[in-house]
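Peer 1: Handing you a structure now.
The values are calculated or read from the model by the stated rules, or taken from the named source; none is laboratory data. As the structure is a computational prediction, the values presented were derived from the model and not from experiment. Backbone-built Cβ (ideal geometry, glycine too); neighbour counts: all protein chains shown.
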Amino acid sequence: QHVDRKTYRIAAIPGDGIGNEVMTEGLKVMRAAAARFDIDLDFVSFDWANCDYFLKTGSMMPANWKDLLTGFDSIYFGAVGWPDKVPDHISLWGSLLKFRREFDQYINLRPVRLFEGVPCPLAHKKPGDIDFIVVRENTEGEYTSLGGKMFEDTDREFVIQESIFSRIGTDRVLKFAFELAQSRARRRLTVATKSNGIAISMPYWDERAHAMGERFPEVAVDLQHIDILAARFVLQPDRFDVVVASNLFGDILSDLGPACAGTIGLAPSANLNPERLFPSLFEPVHGSAPDISGRNIANPIAMIWSGALMLNFFGETAGHQRKNFREAHDAVLLAIEQVLRNGPRTPDLGGAASTSDMGDAIARLVSDGD
Ligand code: ATP
Ligand code: MG
């Protein structure tokens, strides 16, 4: 049946704090899905890219980290950071941000969904009203270190901060977003812009979006200025299907989106190198949460959902979606839905269950298929 059968190699990097606790549950569910849907996964755990490793060795990762990760299909990442021990700029820049940059993970994906059983901070919203995905450009745009300060300490002092929108960098994120929109039922793409205020980069972004749109006639495209777009996330989230944005705008929207759909413990993310030249990275949006770490009460769903995104990504090759990978993804999402509806629930969702209770329940549903 699967002629080109392949074993997918996954580097499991738990990191700090609750990263370790949610990793255990994530692996449990991935293994259950792999067994049921006939997928071969090979996990290797790495005990670096965490703050204890930094305190022992003076760096977050071994010098040959890149070699150690070459040949892996993906990185399954818990969370990194322990501000009381190591400043965040060291722990983050020394690990996660190196992966993103060195592995050219130029797409940051964040699906946003409102589930039954999860209190929504927005009034009058039902499950189904919020179901969209934010595609953030992850490598260029507004986040550069180009610029500088002039006339320092005089009354003429000023700074300049440059943005970069390369044609390749802009087109590749737009193309990814159009393809994603095309593959979904609603086929709607919202392009975040601010060409009424930012005079050079955003009109260029719009121009590239229009050009890309011509290649995707079935996708309904809608350019919206970031200010009104952010307001609509809150007021009319049902308008959105796929939303694509530059690095800065995407950063903001990809926190606003999950915030509109409830607890941070649910939000997954994928950092993708779609060409598969390098490993992609799948991680929960939340951090290491030192305040609840070690107590077996963290919500493991963000980590588990991130694993489902990984399976889905493995299944998409050469423009073709393999059925069993899609089914594995959908089975994990269905199990998450059922557990959110019926319990067990961790304390952040108003329940009294442990991290492992919730992981066990999801893994069981994935294995049994209802
Ligand atoms: P980052 O590391 O991304 O900068 P942060 O350190 O600001 O994030 P988090 O570590 O995500 O923040 O924690 C923010 C709050 O959310 C904390 O009170 C934490 O306990 C809670 N929290 C985070 N993740 C979870 C989870 N999976 N389950 C329950 N509560 C969580
Ligand atoms: Mg943190």
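Peer 1: If you go through the range 55-75, how many residues are loosely packed, with under 14 Cβ neighbours inside 10 Å, in a helix (DSSP H, G or I) and not aliphatic (A, V, I, L, M)?
Peer 2: Of the residues in the range 55-75, 3 are loosely packed, with under 14 Cβ neighbours inside 10 Å, in a helix (DSSP H, G or I) and not aliphatic (A, V, I, L, M).
Peer 1: Could I ask something else about it? Could you please give the count of residues in the range 308-330 that are over 19 Å from the mean Cα position of the chain (by Cα) and either part of a helix (DSSP H, G or I) or aliphatic (A, V, I, L, M) (or both)?
Peer 2: Count: 4.
Peer 1: On to the next question. Against the definition (on the phi > 0 side of the Ramachandran plot, within 16 Å of ligand 2 (Cβ to nearest atom), crowded, with 17+ Cβ neighbours inside 10 Å and in contact (Cβ under 8 Å) with a residue 24 or more places away in the chain), how does residue 302 come out, yes or no?
Peer 2: no
Peer 1: Which condition breaks for residue 236 when tested against (1) touching a residue at least 40 places away in the same chain (Cβ under 8 Å); (2) surrounded by fewer than 20 Cβ atoms within 10 Å (Cβ to Cβ)?
Peer 2: (1)
Peer 1: Considering only residues that are assigned to a strand (DSSP E or B) and within 16 Å of residue 302 (Cβ to Cβ), look in the range 76-90 and name the one that is farthest from ligand 2 (Cβ to nearest atom). Break it down stepwise before answering.
Peer 2: Just the residues of the range 76-90 that are assigned to a strand (DSSP E or B), to begin with: 76-79, 82, 86.
Narrowing the set further to residues that are within 16 Å of residue 302 (Cβ to Cβ) leaves 76-79.
On the way: 76: 19, 77: 14, 78: 12, 79: 7 Å.
That would be 76.
Peer 1: Considering only the range 246-261, I want to know if a residue exists there that is within 16 Å of ligand 2 (Cβ to nearest atom) and free of Cβ contacts under 8 Å to residues at least 60 places away in the same chain.
Peer 2: Checked the range 246-261: at least one residue is within 16 Å of ligand 2 (Cβ to nearest atom) and free of Cβ contacts under 8 Å to residues at least 60 places away in the same chain.
Peer 1: Here's a follow-up. Considering only residues that are away from ligand 1 (no atom under 15 Å from the Cβ), farther than 24 Å from residue 180 by Cβ and not acidic (Asp, Glu), which ones fall in the range 88-119?
Peer 2: 98, 117
Peer 1: So, in the range 331-370, exactly how many residues are assigned to a helix (DSSP H, G or I), modelled with pLDDT under 95 and within 30 Å of residue 73 (Cα to Cα)?
Peer 2: Final tally of qualifying residues: 1.
Peer 1: Could you go through the range 125-133 and let me know if any residue there is outside any strand (DSSP E or B) and out of contact with any helix residue (DSSP H, G or I) (no Cβ under 9 Å at 6 or more places or on another chain).
Peer 2: Looking through the range 125-133, at least one residue is outside any strand (DSSP E or B) and out of contact with any helix residue (DSSP H, G or I) (no Cβ under 9 Å at 6 or more places or on another chain).
Peer 1: State which residue pairs qualify: first residue over 17 Å from residue 24 (Cβ atoms) and inside the range 67-80, second residue away from ligand 1 (no atom under 16 Å from the Cβ) and in a helix (DSSP H, G or I) in any location, beta carbons under 6 Å apart, and separation of 6 or more residues or different chains.
Peer 2: What qualifies is 74/310.
Peer 1: From the set of residues in the range 155-207 that are among the hydrophobic types (A, V, I, L, M, F, W, C), surrounded by 15 or more Cβ atoms within 10 Å (Cβ to Cβ) and assigned to a strand (DSSP E or B), which is farthest from the chain's Cα centre (by Cα)?
Peer 2: Selected residue: 164.
Peer 1: Name the residue that is modelled with the lowest pLDDT, counting only residues in the range 250-269 that are of a type in the set (A, V, I, L, M, F, W, C) and surrounded by 24 or more Cβ atoms within 10 Å (Cβ to Cβ).
Peer 2: Among those residues, the one meeting the criterion is 261.
Peer 1: Can you spot a residue in the range 57-70 that is in contact with a Gly (Cβ under 9 Å, 6 or more places away or on another chain) and of a type in the set (Ser, Thr, Tyr)?
Peer 2: Residues of the range 57-70 in contact with a Gly (Cβ under 9 Å, 6 or more places away or on another chain): 59-61.
Next cut, of a type in the set (Ser, Thr, Tyr) only: 59.
Scanning the range 57-70 turns up at least one residue that is in contact with a Gly (Cβ under 9 Å, 6 or more places away or on another chain) and of a type in the set (Ser, Thr, Tyr).
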